[in-house]
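The values are calculated or read from the model by the stated rules, or taken from the named source; none is laboratory data. For clarity, every value in this text was computed on a predicted model and none was experimentally measured. Note: ideal-geometry Cβ built from the backbone for every residue, glycine included; neighbour counts use all protein chains shown.
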Amino acid sequence: MTLKTGANAAGWEGVATCGSVHVCPVCMPSVRRVRAAELAAAGAAWESVDVENGKARGLVMVTLTMRHYARQSLSLLVQRQREAWKISFGQNALKTTKQIRRGLGVVGYVRAWETTHGDNGWHTHFHVAVFLEERPDAQRVRLLERLIYRGWADALEKVGAYRPSQAHAVRVDAPAAGQAGQIAKYLMKGQDGKWSAAQEMVMAHAKTGRKGHRMPLQIARGAVAGDEGDVELWREYEETATGIRALYWSQGLRAKLRDLVELDDRQDAQVAADEEAGPDKKPAAHFPLRTWYGHVVKVPGRRLQLVHAAERWSTSGIRTTIESWGLIWGVDVTEPENLPKGAAPTAAEVLRRLERADLAERAEVWRREFERQDREERLKRKRQANPWGDAFRALEQDADDRRRHEEQETAQERHEAYRAALRRGKANRPATELQTAMERFRAAS
């Protein structure tokens, strides 16, 4: 493992990451930050290009919500939300709906899922960035809002959900000219009204809830603090949210945008791993596996302690920290090798590696000897602190020996008494008819 440092930041290279965008507080901000930047660039490129008819392209931000109650589970709400989407706008949409979308100039969309929790239970909703062939005016925005509500409300009712009101179910926001590039950030926003559209879609980890609603990470903080209700809520959220995409791109949209802007095709897990190390960070220290698993991972807090030391004092802070744990700089933790990928090491580098290996072997021998001496010293101090310990142990051993001997004698006496009783029983047993007949036969003969 390699600890890398940059401008007031540090991260690990070679550490496995999960890439979860909903339940992992470590991977979530990294992945969402990259996706927000990607969407913002796509939105800006889309608006800056004129179509063949000379009209500028545009985007709108659509928010879709549904009625909910405290008795409804999150899994049930998500299931109905997905089914309603398929019927209204997804793969099972009616032909008339698809014709309306083409008539309004809808080229594609990017959808983000989000949920909060309040007095009325879980509040799930979609944020959708809709890419249009033309920049919409106010009249087209209102028309789009009415048509989307009709399809969304009918679909919710069809899948068994409650029919919402238009005032609360659908909201369509159209950015001003030149602001379409920011609509993606609004998909992951905070709640202060200053977030861009891309942040509304992707920056859910940094939000705080409105009107008594709490974001999932706020629930997680309550669970960590020991709130039993928040523990159950977080378990329910984790089971349901795991596997849900943070962003869903409609079919063919990325292919259209790829001609306008460079898109990030990395998987979320790869994004999280790359962001952890960071391309702008330089290697500061290398931790061999024996040190990583033997002295860093198994002690809670040490990994974070190293990151903080690297951020404040770089290599000198790392060295001071590991030496305070009794490790040896240059043996247990070494300076990183700055060789280009695929380059063969020089003779000096090979000799340096051999020297490090020799030092590591010597250090291991000395460490074992010190541990042996430390164990003997602790045992000696323990005996000196309790001089009567050996005498008491000897008395306890004698008592145990006597008790076992008495138990053996008692068992032998019981066995002999049983055998004697068995012999007496056989002697006093009445003769059977066969035995009587045999005795008569012997007497007659």
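The residues on offer are Glu134, Glu114, and the sole one that is within 24 Å of Ala45 (Cβ to Cβ) and either touching a helix residue (DSSP H, G or I) at 6+ places or on another chain (Cβ under 6 Å) or assigned to a loop (DSSP other than H, G, I, E, B) (or both) is Glu134. Close Cβ contacts (under 9 Å, 6 or more residues apart or on different chains) running from residues in the range 355-384 that are closer than 13 Å to Ile328 by Cβ to residues that are among the small types (Gly, Ala, Ser) and not in a helix (DSSP H, G or I) comprise Arg356/Gly330; Leu359/Gly330; Arg367/Gly326. From the list Gln412, Gln435, Gln397, the one residue that fits, being modelled with pLDDT under 70 and part of a helix (DSSP H, G or I), is Gln435. Just the residues that are assigned to a helix (DSSP H, G or I) and touching a residue at least 40 places away in the same chain (Cβ under 8 Å), please, taken from the range 87-111. Ile87, Ser88, Thr97, Ile100 - these are the residues of the range 87-111 that are assigned to a helix (DSSP H, G or I) and touching a residue at least 40 places away in the same chain (Cβ under 8 Å). For residues in the range 309-331 being closer than 17 Å to Ala9 by Cα and free of Cβ contacts under 8 Å to residues at least 12 places away in the same chain, which is nearest to the chain's Cα centre (by Cα)? Filtering first and then ranking leaves Arg312. Exactly one residue out of Arg381, Arg429, Arg440 is outside any helix (DSSP H, G or I) and modelled with pLDDT under 80, and it is Arg429. If Phe126 satisfies every condition in (1) crowded, with 18+ Cβ neighbours inside 10 Å; (2) farther than 17 Å from Glu83 by Cα but one, which is the exception? Among (1) crowded, with 18+ Cβ neighbours inside 10 Å; (2) farther than 17 Å from Glu83 by Cα, the lone unmet condition for Phe126 is (2).
The residue list Ala363, Ala391 contains one member that is at pLDDT below 80, closer than 24 Å to Glu323 by Cα and in a helix (DSSP H, G or I), which is Ala363. Does Leu156 satisfy being modelled with pLDDT of 90 or more, of a type outside the set (Val, Ile, Thr) and surrounded by 15 or more Cβ atoms within 10 Å (Cβ to Cβ)? Taking the combined requirement at face value, the residue satisfies it. Here the condition is being farther than 15 Å from Asp173 by Cα and in a helix (DSSP H, G or I); of Ala153, Ala161, it holds for Ala153 alone.
For the range 226-285, filtered to residues that are free of Cβ contacts under 8 Å to residues at least 24 places away in the same chain and small (Gly, Ala, Ser), the residue that is farthest from Glu47 (Cα to Cα) is Gly226. For the range 136-177, filtering for residues that are of a type in the set (Val, Ile, Thr) and more than 37 Å from the chain's Cα centre (by Cα) leaves 1. Taking helices (runs of 4 or more DSSP H) as the structural unit, those lying wholly within the range 221-330 and holding at least 1 residues that are among the hydroxyl-bearing types (Ser, Thr, Tyr) and surrounded by fewer than 19 Cβ atoms within 10 Å (Cβ to Cβ) correspond to 302-324.
Looking only at residues of the range 1-39 that are assigned to a helix (DSSP H, G or I) and among the small types (Gly, Ala, Ser), we find that the one that is farthest from the chain's Cα centre (by Cα) is Ala37. Restricting the range 224-282 to residues that are modelled with pLDDT of 85 or more and of a type in the set (Gly, Ala, Ser) leaves a set whose member that is farthest from His123 (Cα to Cα) is Ala255.
Screening His205 with (1) at pLDDT below 85; (2) in the same structural domain as His117 (by TED's automatic domain parsing); (3) more than 15 Å from the chain's Cα centre (by Cα); (4) on the phi < 0 side of the Ramachandran plot gives one miss only, at (3).
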